[in-house]
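Please read through the structure below; I'll follow up with questions.
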Amino acid sequence: MTDAPATHSPARPLRLGTRASPLAMVQAHLVADALRAAHGWDEDAILIRPVVASGDKVLDRPLADIGGKALWTKELDRSLALGEIDFAVHSMKDVETIRPDAFLIAAVLPRADVRDRLVGAESLGAIPAGGRLGTSSPRRAAQIRRLRPDVEIVLFRGNVATRLARLEAGEADATLLAAAGLDRLGQSDVGHAVPVDIMLPAPAQGTIGVEALANNMPVRALLDAIDHRDTHACVAAERAVLRALGGTCHSPIAALAVPEGDRVWLRTQILSNDGKESVATEARLDPGDEAAAMALGVDMLERASQGLRALFAP
């Protein structure tokens, strides 16, 4: 993150686009607060403009069956392209791997807790034999099937409150939620964190990204003041693995990069949907060496069975 001198508020309020879900709104305020603090702006320097994303409207089918991760971004993309907003806030794990060249992730905030949190049981081993776990994540489903093949996976979609309500209603015995999301919603006392050596998280889990038009240099310069370089480098490495794998919302992929001195320690995993096959690898990389990160994805595919490879790059 660069030091930015205090300035007066911009000539007109900057328009920040976000999904309208409770968690997305919290994240939008985190970005707005960071910008105000970095630039010494007044409260009215930023206007938050929420939109209802397509992914928030259809909750009875897996995301991959109704259009994939673009359902979280397409409304905000349209607003950016039309100049209705100046930048958009995303949960980075929900952003498609390949983005239009017109857009650029200009800033990433410091990473929050990367772990999954188990709600409804104290540990994975404490889920009743033959119990049900609610999730819509292929990664979580595959990891649970690998660790607890007796547990039935039940489709859980919706925001945090919706999923917790379904759990409370007895639709499942347990569910998994991102610790970062719970913490940001003031629910840090909910659930039990699962160590990353048991369940490696989704690529970019726990991170908030700010996207702008690639050719809007004034806005990019403003956003640069809140960019957390270490987190941005780690997210870039994890997303490079995704590019190499050619994965989709159907594909169980886990990746986690953490700063380690002047390098990045990257761990990755791919799984079959039933959890019976898993291929993992790790490496220490230089920050920004996305080619080396992509090589890890290629290595996993080369060591995977034909059936597992079929879930990823053709």
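Identify, from the list Leu296, Leu271, Leu301, the residue that is farther than 30 Å from Leu76 by Cα, free of Cβ contacts under 8 Å to residues at least 60 places away in the same chain and crowded, with 20+ Cβ neighbours inside 10 Å. Walk me through it before giving the result.
Details: Leu271 fails: free of Cβ contacts under 8 Å to residues at least 60 places away in the same chain; Leu301 fails: crowded, with 20+ Cβ neighbours inside 10 Å.
After applying the criteria, what remains is Leu296.
If you don't mind, another one. Pairs, please: C-beta under 7 Å, at least 6 apart or cross-chain, first residue free of Cβ contacts under 8 Å to residues at least 60 places away in the same chain and in segment 89-102, second buried (at least 22 other Cβ atoms within 10 Å of the Cβ) and not small (Gly, Ala, Ser)?
What qualifies is Asp94/Trp72; Glu96/Thr73.
I'd like the full set of residues that are in contact with a helix residue (DSSP H, G or I) (Cβ under 8 Å, 6 or more places away or on another chain), over 14 Å from Leu200 (Cβ atoms) and part of a loop (DSSP other than H, G, I, E, B), limited to segment 252-287.
Answer for segment 252-287, where residues must be in contact with a helix residue (DSSP H, G or I) (Cβ under 8 Å, 6 or more places away or on another chain), over 14 Å from Leu200 (Cβ atoms) and part of a loop (DSSP other than H, G, I, E, B): Ser272, Asn273, Asp274, Lys276, Glu277, Asp286, Pro287.
Just checking, how many residues over segment 217-244 are under 17 Å from Val279 (Cα atoms) and more than 17 Å from the chain's Cα centre (by Cα)?
Of the residues in that region, 1 qualify.
Another question about this same structure. Having 2 or more residues that are β-branched (Val, Ile, Thr) and modelled with pLDDT of 95 or more is the bar; report the strands (runs of 3 or more DSSP E) wholly within segment 41-148 that clear it. Walk me through how you get there before you give the answer.
Details: elements: 46-51, 87-91, 103-108, 116-119, 132-134.
Answer list for segment 41-148: 46-51, 103-108.
Further question on the same structure: Cβ-Cβ distance below 7 Å, separation of 6 or more or different chains: which pairs start in segment 201-213 with a residue that is within 17 Å of Gln143 (Cα to Cα) and in the same structural domain as Ala102 (by TED's automatic domain parsing) and end on one that is in a loop (DSSP other than H, G, I, E, B) and aromatic (Phe, Trp, Tyr)?
none
Follow-up. Look at Leu133 and say whether it is closer than 25 Å to Leu308 by Cα, assigned by TED's automatic domain parsing to the domain that holds Ser123 and over 18 Å from the mean Cα position of the chain (by Cα).
Numbers: closer than 25 Å to Leu308 by Cα: yes; assigned by TED's automatic domain parsing to the domain that holds Ser123: yes; over 18 Å from the mean Cα position of the chain (by Cα): yes.
Yes.
Right, next: With out of contact with any Cys (no Cβ under 6 Å at 6 or more places or on another chain) and in the same structural domain as Gly130 (by TED's automatic domain parsing) as the only criterion, which of Arg145, Arg220, Arg243 stands out?
Values: Arg220 fails: in the same structural domain as Gly130 (by TED's automatic domain parsing); Arg243 fails: in the same structural domain as Gly130 (by TED's automatic domain parsing).
Step by step, each of Arg145, Arg220, Arg243 is checked, and only Arg145 is out of contact with any Cys (no Cβ under 6 Å at 6 or more places or on another chain) and in the same structural domain as Gly130 (by TED's automatic domain parsing).
The values are calculated or read from the model by the stated rules, or taken from the named source; none is laboratory data. Keep in mind the model is a prediction, meaning the values are calculated, not measured. Neighbour counts run over all protein chains shown; Cβ positions are idealised from the backbone, glycine included.
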